[in-house]
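Q: Dumping the structure here so I can ask a few things about it.
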Amino acid sequence: MQGSSHTAGISDTIAALSTPAGVGGVGVIRLSGPRAADILTQCFRPAGGGKLEDHPPRQMVYGRLLDREGQTIDRCLAFYTAGTASFTGEITGELHCHGSPMVLSLALETLFALGCRQAGPGEFTRRAFCSGKLDLAQSEAVADLLEAQSRESVRHAAGRLGGALSRRIEEIYQALTQLDAHFCAVLDYPDEDLDPFTANTLKTALEGQRQALGGLTDSWRRGRQISQGVPCALVGRPNGGKSSLFNALVGYDRAIVTPIPGTTRDTVEERLELGGVPLRLIDTAGLRQAQDPIEQLGVERSQAAMEGAGLVLVLADGGKPLAEEDRDLLAQAKKNAPALLVRTKADLEQAAWPVEADVTLSAKTGQGLEDLEAAVARCFPKGEQEGYGELLSNARQAEAAGRALGHVEQALKALEAGFAPDAVLSDVEQALEALGELTGRTVREDVTDCIFKRFCVGK
């Protein structure tokens, strides 16, 4: 489908506000379509006289934006871009107005009256995909970049937008295409048997692509951690310092802290980056036998948060002896995910412990927070060869890559079992089709509809 012109409304000109709604310093309106420059020329008057189209493409021009009656709406900047050089592959234009909601509303009203229509969610990026300016993996990276909430997620989304993941996929695709050609040649010349040397060569090549696809499929685990954040539960007995550490890490008093046991009744969640690892930090109720039915619900939610976590920080008051309940909780946490024993309240007199904590810290003074960052980073080491943007970023991609891997494994089994070449060929071609879904070579239109609905209007 990539490079096709088949999409709803591709032949007309669209417009949309590309900056957030509300008052701001600048509001940007984007246009794309065959009449984009012509429509801007009708409603924009350069300050130096003449028309916008008299100026070179991609040159920002200062002037007046007019409504249909010729009345000035705003004094602003405008430019247009030729299709070959634009994001969408069409003629595009932009108005950079003052960020008044009324000014922007009147500007859009004028553009619609002159022949534009309101762009749908993700329609600019979809046009870039349909014109071949971006493949589907790069298009999804645009949405990932807009939604990024950590430095790592920004870097990886930018890498995917630059084509890092696409290049990794293309290498596997081309290698499988060559294998496909070999098997097609065998079928075209049935009198020529597949000699053992050729069979071993093809087996080695298939095994190489199986390993490459395995690595690609496995990258979803790391990609999910980066894009969604690792759920990190702070657990422990009441008054162990969970909420204090939570507030210290997020940078403000997000959770209520009191010396009264049972203050936290429900889980509280915030996103942050710690040790280069994007986390969804979850403050939980203290784990104990609660008589209060409301507190008991909080304890049950704490247990659920710990069981669903990708990292567990087991907090215990360093000023008190380490209780058997703390050690049992640590053992329970380690059954599901990496877990760290965190000794809190390091600013107070410390009690003797029979085991050494992974981290000793004080949420009050900040002592030990850097040690916590380092310990978290050690729990999630980066792959030695990991490059920014080479990881799968969503479940759709992981499912397609997994299917491609499954078909290559089936092809290997068929080849080793001595099946006819057409059986092997069928699995290789199905692997190619599944792999093509990642970049949009073979993806169905209903799938692309779902993908681009995720985007905001104006992008």
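The values are calculated or read from the model by the stated rules, or taken from the named source; none is laboratory data. Only a predicted model underlies this, so the values are computations on that prediction, with no experimental measurement involved. Here the Cβ positions follow ideal geometry from the backbone for every residue, glycine too, while neighbour counts run over all protein chains shown.
Q: Consider region 407-453. How many of its residues are assigned to a helix (DSSP H, G or I) and farther than 30 Å from Ala119 by Cα?
A: Here the count works out to 25.
Q: Another one. Name the residue that is modelled with the highest pLDDT, counting only residues in region 11-23 that are over 27 Å from the mean Cα position of the chain (by Cα) and over 15 Å from Gly93 (Cβ atoms).
A: In this case the residue turns out to be Val23.
Q: Mind listing whichever residues of region 177-216 are at pLDDT below 80 and among the acidic types (Asp, Glu)?
A: Asp188, Asp191, Glu192, Asp193, Asp195 - these are the residues of region 177-216 that are at pLDDT below 80 and among the acidic types (Asp, Glu).
Q: Continuing with the same structure: Restricting to region 402-423, give me the number of residues that are on the phi < 0 side of the Ramachandran plot and out of contact with any Asp or Glu (no Cβ under 8 Å at 6 or more places or on another chain).
A: 15
Q: Would you confirm, using the coordinates I've provided, whether Asp54 is within 30 Å of Asp449 (Cβ to Cβ), free of Cβ contacts under 8 Å to residues at least 40 places away in the same chain and not hydrophobic (A, V, I, L, M, F, W, C)?
A: no
Q: Does region 362-384 include one or more residues that are assigned to a helix (DSSP H, G or I), out of contact with any Pro (no Cβ under 6 Å at 6 or more places or on another chain) and more than 30 Å from Leu315 (Cα to Cα)?
A: No, every residue in region 362-384 fails to be assigned to a helix (DSSP H, G or I), out of contact with any Pro (no Cβ under 6 Å at 6 or more places or on another chain) and more than 30 Å from Leu315 (Cα to Cα).
Q: So is Glu356 out of contact with any strand residue (DSSP E or B) (no Cβ under 8 Å at 6 or more places or on another chain), part of a helix (DSSP H, G or I) and assigned by TED's automatic domain parsing to the domain that holds Gly318 or not?
A: no
Q: Of everything in region 8-55, what is farther than 26 Å from Thr125 by Cβ and part of a loop (DSSP other than H, G, I, E, B)? Give them in sequence order.
A: Val23, Ala47, Gly48, Gly49, Gly50, Lys51, His55
Q: I need every pair where a residue in region 273-287 that is under 17 Å from Arg378 (Cα atoms) has its Cβ under 6 Å from the Cβ of a residue that is aromatic (Phe, Trp, Tyr) and at pLDDT 85 or above, sequence separation at least 6 or different chains.
A: Every condition considered, the pairs that remain are Val277/Phe380.
Q: Looking only at region 62-76, which residues are modelled with pLDDT of 95 or more and basic (Lys, Arg)?
A: Correct list: Arg64, Arg75.
Q: Related question: List pairs: first in region 325-349 and free of Cβ contacts under 8 Å to residues at least 40 places away in the same chain, second charged (D, E, K, R), Cβ under 8 Å, 6+ apart or cross-chain?
A: Once the first residue is free of Cβ contacts under 8 Å to residues at least 40 places away in the same chain and sits in region 325-349, its partners that are charged (D, E, K, R) give Asn336/Glu307; Leu340/Asp358; Leu341/Asp326; Leu341/Asp358; Asp347/Lys364.
Q: Then there is this: Report, by residue number, each residue of region 410-428 that is closer than 19 Å to Ile172 by Cβ and either in contact with a strand residue (DSSP E or B) (Cβ under 9 Å, 6 or more places away or on another chain) or among the acidic types (Asp, Glu) (or both).
A: Asp427 - this is the single residue of region 410-428 that is closer than 19 Å to Ile172 by Cβ and either in contact with a strand residue (DSSP E or B) (Cβ under 9 Å, 6 or more places away or on another chain) or among the acidic types (Asp, Glu) (or both).
Q: Right, here's the next one. Consider region 74-118. How many of its residues are of a type in the set (Gly, Ala, Ser), assigned to a helix (DSSP H, G or I) and either in contact with a Gly (Cβ under 8 Å, 6 or more places away or on another chain) or buried (at least 17 other Cβ atoms within 10 Å of the Cβ) (or both)? Even if it seems obvious, please write down each step before you answer.
A: At the first step, the residues of region 74-118 found to be of a type in the set (Gly, Ala, Ser) are 78, 82-83, 85-86, 89, 93, 99-100, 105, 107, 113, 115.
Narrowing the set further to residues that are assigned to a helix (DSSP H, G or I) leaves 83, 85, 105, 107, 113.
Okay, now just the ones that are also either in contact with a Gly (Cβ under 8 Å, 6 or more places away or on another chain) or buried (at least 17 other Cβ atoms within 10 Å of the Cβ) (or both), so 83, 107.
The qualifying residues number 2.
Q: If you don't mind, there's one more thing I want to ask. Looking at region 25-51, which of its residues are hydrophobic (A, V, I, L, M, F, W, C), under 17 Å from Thr72 (Cβ atoms) and surrounded by fewer than 18 Cβ atoms within 10 Å (Cβ to Cβ)? Talk me through it step by step, then tell me what you get.
A: Residues of region 25-51 hydrophobic (A, V, I, L, M, F, W, C): 26, 28-29, 31, 36-37, 39-40, 43-44, 47.
Adding the requirement that they be under 17 Å from Thr72 (Cβ atoms) leaves 29, 40, 43-44, 47.
Residue satisfying the conditions is Ala47 alone.
Q: Which one is modelled with the lowest pLDDT among residues in region 273-286 that are in contact with a strand residue (DSSP E or B) (Cβ under 6 Å, 6 or more places away or on another chain) and not β-branched (Val, Ile, Thr)?
A: The residue in question is Asp283.
Q: Filter region 350-389 down to the residues that are aliphatic (A, V, I, L, M), free of Cβ contacts under 8 Å to residues at least 60 places away in the same chain and under 18 Å from Gly275 (Cα atoms) and list them by number.
A: Of everything in region 350-389, just one residue is aliphatic (A, V, I, L, M), free of Cβ contacts under 8 Å to residues at least 60 places away in the same chain and under 18 Å from Gly275 (Cα atoms), namely Val359.
Q: Residue by residue through region 290-334, note down the ones that are among the aliphatic types (A, V, I, L, M), at pLDDT 70 or above, surrounded by 15 or more Cβ atoms within 10 Å (Cβ to Cβ) and not in a helix (DSSP H, G or I).
A: Once the filter is applied, which keeps residues that are among the aliphatic types (A, V, I, L, M), at pLDDT 70 or above, surrounded by 15 or more Cβ atoms within 10 Å (Cβ to Cβ) and not in a helix (DSSP H, G or I), region 290-334 yields Ala309, Leu311, Val312, Leu313, Val314, Leu315, Ala316, Leu322.
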